[in-house]
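Participant: Questions regarding the structure given below will be posed in turn.
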Amino acid sequence: MYQRALSNTAFRTLYIDGFAGTGEVPLAEIKDDLLDEEVRTVIAGSADRALKVDPPFGRYIFIDKRKDCIEALKAKFDDSQNAERAAYVVGDANEQIQGICRAEQWRSQRGVVLLDPFGSQVHWETIEAIAATEALDLWYLFPAGLSVFRQISSDGKVDPTHAPSLTRMYGPNKWQSAFLKPSTQGDLFGDTVSHEKVVTPESAAQFMIECLRSVFKGGVMDEMIPLGKHAYPSYYLLFAWGNASPKATALANRLSKAALKATDRKYGRIV
Ligand SMILES: C[S@@+](CC[C@H](N)C(=O)[O-])C[C@H]1O[C@@H](n2cnc3c(N)ncnc32)[C@H](O)[C@@H]1O
């Protein structure tokens, strides 16, 4: 839908996959039940799907910090129709994407960034850099259940090793006051201040939506799309767009509706 809309304009287009993987996702990683239902053991990953988009993006940048993933990607797509449009980078998504956002000319270019981390790898500065281009759309698989909700214990304690990863994801936005409620209890020795855990996976994602709103000039999808195989959503798919023009917003609204419609709620994935 994005490429169909942009192909009638003068913009060059770019797809950036920050956590590109190998081009294939083992189904066992997604949902065991699917193995009974289908004979396939892998499904097409994000890079594969992006390269098959018709009309294709002008350029593709696939980033993964694992050399073996990038080599597998290259080998898989070397002979594909759009091979000459693709660049493959071994490196940290944060460093690479911030560098691309700074180095590229955005006036004549539009694009899509997909961030599909395993956990808390996306730094807030990367989100800011993407928003600052005012040219990129962001689809962010935000690990609200996995890397936020589960990192805060039910008595409101945050392990000292986990607090920095929350701060890394949310940046200067005060996650502590959004997720923990102070409660004062009196005992023989005076008052002690402890914290009550008030965060849920949904409120963790909602808070990220508000953080995105503070930097994306275009807008942020109101809804969040729950994905993941656990009883609570491990991830929510969030969508934000950097360009504030009425045309970009109209397209973003159509993309949001389509993504919501395409969600397979049963298996927690986009189909
Ligand atoms: C969930 S998988 C991505 C799956 C992929 N989007 C797909 O649909 O096939 C996450 C990937 O991120 C990579 N990764 C982890 N930390 C990274 C980082 N800091 N920068 C770039 N890639 C990273 C891992 O090697 C792994 O391949």
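The values are calculated or read from the model by the stated rules, or taken from the named source; none is laboratory data. Fair warning: this is a prediction, and the values are worked out from it, not measured in the lab. Cβ: placed from backbone, ideal geometry, glycine included. Neighbour counts: every protein chain shown.
Participant: What number of residues within the stretch 143-163 are of a type outside the set (Phe, Trp, Tyr) and part of a helix (DSSP H, G or I)?
Facilitator: 8
Participant: Among GLY119, GLY111, which is small (Gly, Ala, Ser), buried (at least 20 other Cβ atoms within 10 Å of the Cβ) and more than 13 Å from ALA20 (Cα to Cα)?
Facilitator: Going through GLY119, GLY111 in turn, the sole match is GLY111.
Participant: Of the conditions (1) touching a Gly at 6+ places or on another chain (Cβ under 8 Å); (2) within 12 Å of the ligand (Cβ to nearest atom); (3) among the aromatic types (Phe, Trp, Tyr), TRP124 clears all except one; give me its number.
Facilitator: Every condition holds for TRP124 apart from (2).
Participant: What number of residues within the stretch 88-111 are away from the ligand (no atom under 16 Å from the Cβ) and either touching an Asp or Glu at 6+ places or on another chain (Cβ under 6 Å) or among the acidic types (Asp, Glu) (or both)?
Facilitator: 1
Participant: From (1) among the aliphatic types (A, V, I, L, M); (2) more than 16 Å from the ligand (Cβ to nearest atom); (3) at pLDDT 95 or above; (4) surrounded by 12 or more Cβ atoms within 10 Å (Cβ to Cβ), pick out the condition that doesn't hold for ALA10.
Facilitator: Result: ALA10 fails condition (4) only.
Participant: To continue, here is another question. So which of SER153, SER183, SER214 ends up being away from the ligand (no atom under 16 Å from the Cβ), among the hydroxyl-bearing types (Ser, Thr, Tyr) and free of Cβ contacts under 8 Å to residues at least 40 places away in the same chain?
Facilitator: SER183
Participant: Let me confirm something: among PHE207, PHE216, which residue is of a type in the set (Phe, Trp, Tyr), at pLDDT 95 or above and touching a Gly at 6+ places or on another chain (Cβ under 9 Å)?
Facilitator: PHE216
Participant: Quick one: which strands (runs of 3 or more DSSP E) lie wholly within the stretch 40-142 and hold at least 1 residues that are out of contact with any Lys or Arg (no Cβ under 7 Å at 6 or more places or on another chain) and without any contact (Cβ under 8 Å) to a residue 40 or more places away in the chain?
Facilitator: Here the list reads 42-44, 86-90.
Participant: Does any residue in the stretch 1-19 that is over 16 Å from TRP139 (Cβ atoms) come within less than 8 Å, Cβ to Cβ, of a residue that is assigned to a loop (DSSP other than H, G, I, E, B) six or more places away or on a different chain, and which pairs are these?
Facilitator: ARG4/PRO55; SER7/PRO55; ALA10/SER108; PHE11/SER108; ARG12/GLY58; ARG12/SER108
Participant: While we're on this one: Does PRO233 count as at pLDDT below 95 and buried (at least 22 other Cβ atoms within 10 Å of the Cβ)?
Facilitator: Answer is yes for this residue.
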